[in-house]
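The values are calculated or read from the model by the stated rules, or taken from the named source; none is laboratory data. These numbers were taken from a predicted model, which means no experiment stands behind them. Glycine also receives a Cβ, built like all others from the backbone with ideal geometry; neighbour counts cover every protein chain displayed. When the accessible area is computed, the model is the full protein with side chains, heavy atoms only, and any ligands, DNA or RNA have been set aside. Shrake-Rupley method; radii C 1.70, N 1.55, O 1.52, S 1.80 Å.
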Amino acid sequence: MKLTFIGTGYVGLVSGVCFSEIGNQVTCVDKDFDKIEKLKKGEVPIYEPGLQELIFKNTELGRLSFTTNLTRSVQESDVVFICVGTPSLPSGEANLEYVEQVAQDIALAMNGYKIVVTKSTVPVGTNDKIKKIISQLSPHPFDIVSTPEFLREGSAVKDTLHPDRVIIGTASERAAATMVELHKPLTEEIMVTEVRSAEMIKYASNAFLATKISFINEIANICEKVGADVTHVAQGMGYDKRIGSSFLQAGIGYGGSCFPKDTHALIQIAGNVDYEFKLLKSVVEVNNDQRFNIISKLNHSLGNLQGKTVGIWGLAFKPNTDDVREAPALDIIKTLLQEGAVVKAYDPIATPNFRRFFRDESDVEWCETAMEAAESSDALCLLTDWSEFKEVDLKELNGVMKQPVLIDGRNVYSREQLSDTTFQYYSIGRPELESLSPFRNSVASD
Ligand code: UDX
């Protein structure tokens, strides 16, 4: 099939590349001339495992191309995907400016029947607006489809080629049949529904996952006070198939381009129809507070932070990505600087993106290696669970720090790993190191 993907952000670029990989003729369109020129040369604007290789391969095979010429690409395609951003407005609502502009551009370019598919995350009812825009501007027949995207950053290629499910929302049998055909090589779990339900499925899924994270983080906070270990609690809960074990990893909360934006947008969508989404409001509040756990733990172990040196490991909102949008590290480092601490920060790949958020770059010492960030520090805070940090030699780390205070915001280390060190170790929702063994009491009484 001949496909156009408009917007070469995470969703558009990864989806376009993956659909070329399964044999379609794909053109990726963006109005950013420099970005398109770089992509033509094989320079990928985002870090995503496996993406570069697939771009090279499919460009070579002639199945994938990049252009700024939206009109020509739309005219040559059967299916056109809208994959532009829907950033948050100050109210929390999604900004639909780019989506609506692209709908107009598609309408003006059309030369015959097209299937117009929205992959951008858009509030319920947006596809009806898109339909109206196109029908007002184009005499040609078309069908509208909502196919929300569920890929995760850091595993976007894998998620797109092997999705858990594909949701196709449309009122057209013809469009549904084409979309099922297109997605069949990826999965058998294809659900066809109406447009508004498809739009809602995306928001409801992200809101539910965010709820799981905030739930386990609150359980973690209680575990700390009652002496239970949240990793054991999550494991025990996860054996129940009705609960499931994923997204129960306690830590310093979620960040990224989706959960924060989509939870706010759903609260707003509900508010627009006079419904107060109380549960989701609390999920957001819990998440906003959770990152400041790190600061409380630092205050607990070091007291006043004025003049103290704090090393930071991890700036990206999660591992395997250089994306720092809504990363907990942003709030944490800003607070440390406000409290007068000296900050030494390291991330395997996200430092260049992160530095842009600091007007005076000299405020933070940007380090080239993990050990450099730890050297002579009064405390070290692990904020992103990169595998590099999991494999570090903890004895060596212990030796280079001024004070052996290790605050593990992602529960990366085990009791065994820490046993030969003198670390004062804090994690999230796990008792302090000396009380980690479940056999502590029985051994003591023997
Ligand atoms: C998410 C959804 O998973 C994806 O389906 C949607 O398309 C986009 O939003 P993404 O933001 O890329 O994907 O990352 P994800 O792996 O879901 O993690 C989001 C955040 O939650 C990260 O900050 C991560 O550290 C945090 N998280 C995740 C936890 O704190 N605990 C967990 O158990 C899982």
Checklist line | Positions within the stretch 23-41 being part of a loop (DSSP other than H, G, I, E, B) and either open to solvent by less than 10 Å² (accessible area, probe 1.4 Å) or in contact (Cβ under 8 Å) with a residue 40 or more places away in the chain (or both), in sequence order | finding: Gly23, Asn24
Note to self: So, in the stretch 213-255, exactly how many residues are open to solvent by 50 Å² or more (accessible area, probe 1.4 Å), in a helix (DSSP H, G or I) and within 8 Å of the ligand (Cβ to nearest atom)?
What the structure shows: 0
Next item on the list: Give the stretch 171-211 a look and list any residue that's farther than 22 Å from Glu21 by Cα, acidic (Asp, Glu) and away from the ligand (no atom under 16 Å from the Cβ), or say none.
Entry: Glu173, Glu194
Margin query: Cβ contacts < 9 Å: first residue within 27 Å of Ile144 (Cα to Cα) and without any contact (Cβ under 8 Å) to a residue 24 or more places away in the chain, restricted to the stretch 195-223; second residue within 10 Å of the ligand (Cβ to nearest atom) and open to solvent by 30 Å² or more (accessible area, probe 1.4 Å), any location; separation 6+ or different chain. Result?
Written below: Phe208/Phe247
Check: Exactly one of (1) away from the ligand (no atom under 12 Å from the Cβ); (2) touching a Ser or Thr at 6+ places or on another chain (Cβ under 8 Å); (3) under 30 Å from Val11 (Cβ atoms) is unmet by Asn288. Its number?
Finding: (2)
